[in-house]
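A short write-up of the structure that comes next.
The values are calculated or read from the model by the stated rules, or taken from the named source; none is laboratory data. Since the structure is predicted, the reported quantities are computational estimates derived from the model, not experimental observations. Cβ: placed from backbone, ideal geometry, glycine included. Neighbour counts: every protein chain shown.
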Amino acid sequence: MAGEERGSEEDIFTRMSTFVNKKVTKATRSAQEFMNRHFHVQEEIIPSEEGLSCTINPPNYDSEKDEEDGPEKEISEALAETKITNIFHETADKITETITVDNLFQCRNPFTKAFEVSAKLRELAKTRNENVVLLNNLAEKVEDFSVTLMDQVNTEEEIKIDVHEKENMDTYACLLDSITESAIRHEQKKFVSHPLTYRLVNQRWNYGLPSHYLGGWKLVLLYIFTIIETTLTPLLCPFIAYVFYMDQISNSKRTEEEKEKGKTEKPLRDKYLSYLTTPFVIFLKDKLSQFVFIVLHLRISVLPSSVSAKTEEYLILIFYVGSLLTEFQQYRTSQSKVYLRNMWNYVDVMTLSLHALILVLRIISICLGGDPYHNRLLEVVNHFYGITTLLLVLRFSSILEVNKTVGPLQLALFRMCIDLAIILIQFFFVIVAFSVAITMIYTAEMSYLIPTGQKKINGTHFDGFCAEGRTACLFKASTHLVWSVFGLTNLETMESHGELSSAVVGVLYVLFLILSVIMLINMLVALLTNTYQKVETNADVEWKFSRAVVADEYRRFHPIVVPFNIISFPACQCYIWKCEDRREKTAKDRRRKYIKFYDEELFPVIKKRYQDKHGLLFPLSTEEKIDKLQNDLQKMVEHLQTFMEVKDQHKSQTPCQVQQSDVSQREYACYQSAV
């Protein structure tokens, strides 16, 4: 009874102290607000055991919030974000002290701030020469923090998010748009490949299609329907315009009551609109358009050359204008970093540039007229057509990115191209160096053997390696060295009239082969192997991130593909410029609701769960987990060894000696309990 009375007294005392602390905290916050308003004090006063002190108010993760906490919370969030943003010009130690879980939790959106911090740390690691490992490790920890924070979303919240997405998903706004877009922009691959995040990305990729149409024979029917519908787009343009116009009108007149009632079955018009704006469908149509574009170029290659423009060239011009509009719209609607991060966009820019050059040359050739015979300008145009066809076929191969088996291999090829470019640059300097040296030797030989101003030796024409001149000799030497790497040269062509020149050139040639074939090529093989192993190790993460980038790009595409977008895209822009996009207005309201959902329901809960599991520390990295496991195993082995020693010692004693040895019994019990 006395213990229960004492417990109840302690409980009452705890409640009273909690109540007093809340009142004191509220009073100090009011005082702080008064000081901020009248004296411009930036620090915040909070009570402590020693008295009142000025410091940043720690985050409050309690579910119960006072209505008056809004301004103070916004001030705290702004101070924390400013503190983190302005720390990157400081030293690495100062950065490590500032970038903590506590400060990230004080930001309004810890996910987007973590993405920004991680990307900035990696950028600093590339630009700074000191503390590179420290900055990279900290960037890795911040990225792992965002993934671990997303792990705190339980099944109940996942169901709520999924239901919210299915009811409100479209091309304008989705629940986790701001977070996933920031992750893609800052290249947070681990977060994008998180099961919950990737599931939402995949839902947006197929959002306008029924789930039972995404497999089996129904998927084949979808492909056939898409091909037929794309072919009939010129005939369907009036109906498509009517569908988009009615969607704008109905969206402006729709009331909240109608939204709450909803409909069990969508009308045909809404189903067709959802089909048109589905990223997966737009992707299929875009690839079909690229295929037709390639067929037109192949048709040009088999037809005889003609100065006058052909029908296929007019069609190619129409496709070119449509591709220009698509590329312009893609760049305008996406972040510049995201656009330039996709390697295929570089291929698109090269293709469009070549088409522009072809257009200019064809206009000049048509104006000049003449016959295809010995028409050098027309020959150059056909050469450019061949290169453009090559790039278009390579661009069409991007269809393999959506395949989980072939997609990672294609990513590895892109990474290998970067390694190949590095080695080719080194090859260029080596070839230029040896070509200049060999040319100098042969030109010196010519000056030694031939009198000044003459081209003959004792009445005979000089037929050495540099007989065509010094400039041609440099080009010839470079070409010879390049092909010698592949074993496609004849050594007799490098012979000269002087033994000294032949000996020196032979030595240089051997050194070149040693440097290029043995060293540089083996280095290239090592680089390619290392790159492939890196991609293979993180194949799932790399492929999911690449798939998310593709989904994000096609979600912003104009739903009418090339070349029919020549009419639809300007018409849509004129309508939006004149009447505004009413869908965008409702999307802004939805985004505000999403932010409210983040602040009131999602973030407080997952922050509390994270703090309960990890405290205010970053999650352990893979290396730290391995080190911790090794230490635990080492301790276990030491305990087992100690236990076996004690056990062997007791086996060697008699029962009477064991009973008389109190110390041994205590040690034995201690080690046994420890094990």
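Filtering segment 316-328 to residues that are surrounded by fewer than 17 Cβ atoms within 10 Å (Cβ to Cβ) and in contact (Cβ under 8 Å) with a residue 40 or more places away in the chain leaves Leu317, Ile318, Val321. Of the residues making up segment 392-420, those that are touching a residue at least 12 places away in the same chain (Cβ under 8 Å), under 21 Å from Leu284 (Cβ atoms) and of a type outside the set (Lys, Arg) are Leu392, Val393, Leu394, Phe396, Ser397, Ser398, Ile399, Glu401, Val402, Gly407, Gln410. The residue list Val349, Val360, Val338 contains one member that is assigned to a helix (DSSP H, G or I) and under 19 Å from Ala551 (Cα atoms), which is Val338. Quick one: which of Leu629, Leu633, Leu620 is in contact with an Asp or Glu (Cβ under 9 Å, 6 or more places away or on another chain) and hydrophobic (A, V, I, L, M, F, W, C)? From the options Leu629, Leu633, Leu620, the qualifying one is Leu620. Of everything in segment 551-569 that is surrounded by 21 or more Cβ atoms within 10 Å (Cβ to Cβ) and of a type in the set (A, V, I, L, M), the residue that is farthest from Leu340 (Cα to Cα) is Ile560. Do the conditions hold for Leu392, that is, is it modelled with pLDDT under 90 and surrounded by 15 or more Cβ atoms within 10 Å (Cβ to Cβ)? So Leu392 fails the test.
A search for C-beta distances below 7 Å between a residue of segment 143-165 that is closer than 13 Å to Pro195 by Cβ and in the same structural domain as Thr100 (by the TED database) and any residue that is outside any helix (DSSP H, G or I) and modelled with pLDDT under 70, counting only pairs 6+ apart in sequence or on different chains, returns Ile161/Leu175.
Within segment 289-321, being within 15 Å of Leu391 (Cα to Cα) and over 33 Å from the mean Cα position of the chain (by Cα) holds for Leu296, Leu298, Ser301.
This table checks each residue for (1) in a helix (DSSP H, G or I); (2) more than 17 Å from Leu513 (Cβ to Cβ); (3) within 39 Å of the chain's Cα centre (by Cα); (4) at pLDDT 80 or above.
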residue: Met416; (1), (2), (3), (4): yes, yes, yes, yes
residue: Ile425; (1), (2), (3), (4): yes, yes, yes, yes
residue: Ser447; (1), (2), (3), (4): yes, yes, no, no
residue: Gly487; (1), (2), (3), (4): no, no, no, no
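The criterion of at least 1 residues that are more than 31 Å from the chain's Cα centre (by Cα) is met by the following helices (runs of 4 or more DSSP H) wholly inside segment 505-614: 565-579, 582-597, 603-614. All of (1) at pLDDT 70 or above; (2) outside the structural domain of Leu515 (by the TED database) hold for Ile457 with one exception: (1). Please work out if Lys608 is buried (at least 18 other Cβ atoms within 10 Å of the Cβ), under 25 Å from Leu138 (Cβ atoms) and not aromatic (Phe, Trp, Tyr). The answer is no for Lys608.
The residues of segment 372-408 that are touching an Asp or Glu at 6+ places or on another chain (Cβ under 9 Å) and in a helix (DSSP H, G or I), listed by number, are Leu391, Arg395, Gly407, Pro408. Considering each of Ile294, Ile300 in turn, give the residue that is outside the structural domain of Val562 (by the TED database), touching a residue at least 60 places away in the same chain (Cβ under 8 Å) and farther than 20 Å from Val402 by Cβ. Within the list Ile294, Ile300, the selection yields Ile300.
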